[in-house]
1. Output yes when any residue across the range 98-111 is at pLDDT 95 or above and farther than 29 Å from A222 by Cα, and no when none is.
2. Among the residues of the range 192-230, which ones are part of a helix (DSSP H, G or I) and touching a strand residue (DSSP E or B) at 6+ places or on another chain (Cβ under 7 Å)?
3. Give the number of residues within the range 189-199 that are within 12 Å of ligand 1 (Cβ to nearest atom) and either crowded, with 17+ Cβ neighbours inside 10 Å or not aliphatic (A, V, I, L, M) (or both).
4. Have a look at Q73, Q143 and point out the one that is within 12 Å of ligand 2 (Cβ to nearest atom) and free of Cβ contacts under 8 Å to residues at least 40 places away in the same chain.
5. For the range 89-184, give me every one of the helices (runs of 4 or more DSSP H) that falls completely inside it and has 1 or more residues that are more than 16 Å from ligand 1 (Cβ to nearest atom) and touching a helix residue (DSSP H, G or I) at 6+ places or on another chain (Cβ under 8 Å).
6. Which count do you get for residues in the range 102-132 that are near ligand 2 (Cβ under 10 Å from one of its atoms) and more than 23 Å from A228 (Cα to Cα)?
7. Between V61, V28, which is surrounded by 16 or more Cβ atoms within 10 Å (Cβ to Cβ) and under 24 Å from V261 (Cβ atoms)?
8. Which of the residues that make up the range 200-210 are free of Cβ contacts under 8 Å to residues at least 40 places away in the same chain and within 16 Å of ligand 1 (Cβ to nearest atom)?
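The values are calculated or read from the model by the stated rules, or taken from the named source; none is laboratory data. Note that this is a predicted model, so its numbers are computed, not measured. So basically every Cβ, Gly included, is an ideal-geometry build from the backbone, and we count neighbours across all protein chains shown.
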Amino acid sequence: NLSDRLSATFKNLRGKGKLSPADVDGTVREIRRALLDADVNLEVVKAFTGRVRDRALGDEVSKALNPAQQVVQIVNDELITILGGQQRRLQFAKNPPTVIMLVGLQGAGKTTLAGKLAKWLASENHTPMLVAADLQRPNAVTQLQVVGAHAGVTVFAPEPGNGVGNPVRVAKDAIKYAKDKQHDIVIVDTAGRLGVDAELMRQAADIRKAVDPDEVLFVLDAMIGQDAVTTAKAFQDGVDFTGVVLSKLDGDARGGAALSVASVTGRPIIFASTGEGLDDFEPFHPDRMASRILDLGDILSLIEQAQKNFDEEEARKVAEKFATDTFTLEDFLAQMQQLKNMGSIKSMLSMLPGARGMRQQLDNFDESELTRTEAIIQSMTIQERRQPKVLNGSRRLRIARGSGTTVTEVNALVNRFEQAAKMMKTVAKGGVPQVPGMGPI
Ligand code: GDP
Ligand code: MG
């Protein structure tokens, strides 16, 4: 499923200290495929991956302590955005009753939702009433009556033989009744068809016009895949709605419907239905849904773990090299590059009042020096990188020229390397090294 695909993608990033544009492209391509396979609408996928890519190639990732984790964070942020951003609560009328109308295809879960909503609202000290305005299917009224009985709420239904076939009239009568009997919320269940059709839309639009609802909730079966977007658009054009309810999220839904519908219609997802029982229902939180899709907790800990293993493995290799005297300038360069991450540590520390001392030490670390060091090492032959001792005066001059530095700088680097190698050899043998100016570390 989508979660598994995305977490596999992020696993590939693990242990990468720095992400190249190729890494980012590869990741974005994988995310794109995973979303498309999960039935997310193509336009939504394009916009989404475009934003993720731009941000992943930007400063927030290149400066991050852990770039892979930062990419996961970006994907999470953007998921929340396409899911509607902030949680949207149900809107109540200033003058009760609040009228909530449910629309959607047959089998989407409207009648079940009516019961869930009523039970939930009753538990919040409201006095909801259900209205059977689905007069299309023979047993639809009975079904709502059963649901209402389970939820313990009043169900308004047409008298047998009276008003049958006229859901607009039933809905209007229901509002009058609710006012009389002091029901503060009226939930109108309507008919659906197996597919979108003009008559269904006209009937729903007529009911809407007659009862002027505060909320029109479009109930969408999360399992219908790519059709979700077309269906949602058809209902938006035909009746329009103020919010979306995703039903059957408990099933093997591929999740794509959920991801597409809010951004395609510009309407918020307000509730999620997660089962056949009356309590299988919750207000929809975009951030929680995003975490669920990403399995964020899992992914973050996975990456942390991978990172830790990577660092430990690296450290073990380096220690071995020191012990066996095979540490080279190339290894030295790799070590220094890891220090680049200190840039972000610096900015983190600047937010902590107690960390001034550490900050000063870090201030001594100069990134442009790292760049010069890199240039010097790259101007050396492989042989020289392995044994800088072989460097004579004329080679040092050529290296200085080739790297745009001076002989003094080349000499300083060679000296520092030899010092570091000596120091690390002491560590590898179990001793405590002294760092000039810092004392024992
Ligand atoms: P309606 O035609 O839109 O009124 O849909 P119903 O409420 O009658 O639901 C159709 C079928 O889907 C019924 O068998 C429900 O029990 C089932 N159903 C509704 N909501 C959910 C849900 O969230 N999860 C699952 N698994 N089944 C649901
Ligand atoms: Mg129904």
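1. no
2. To start, the set of residues in the range 192-230 that are part of a helix (DSSP H, G or I) comprises 198-211, 222-224, 227-230.
A204, I207, R208, V211, A222, A228, listed by residue number.
3. Of the residues in the range 189-199, 5 are within 12 Å of ligand 1 (Cβ to nearest atom) and either crowded, with 17+ Cβ neighbours inside 10 Å or not aliphatic (A, V, I, L, M) (or both).
4. Details: Q73 fails: within 12 Å of ligand 2 (Cβ to nearest atom).
Going through Q73, Q143 in turn, just one is within 12 Å of ligand 2 (Cβ to nearest atom) and free of Cβ contacts under 8 Å to residues at least 40 places away in the same chain: Q143.
5. On the way: elements: 110-123, 140-151, 167-180.
Result: 110-123, 167-180.
6. 1
7. Working: V61 fails: under 24 Å from V261 (Cβ atoms).
Just a single option satisfies the conditions, and that option is V28.
8. Within the range 200-210, L200, M201, Q203 meet the criteria.
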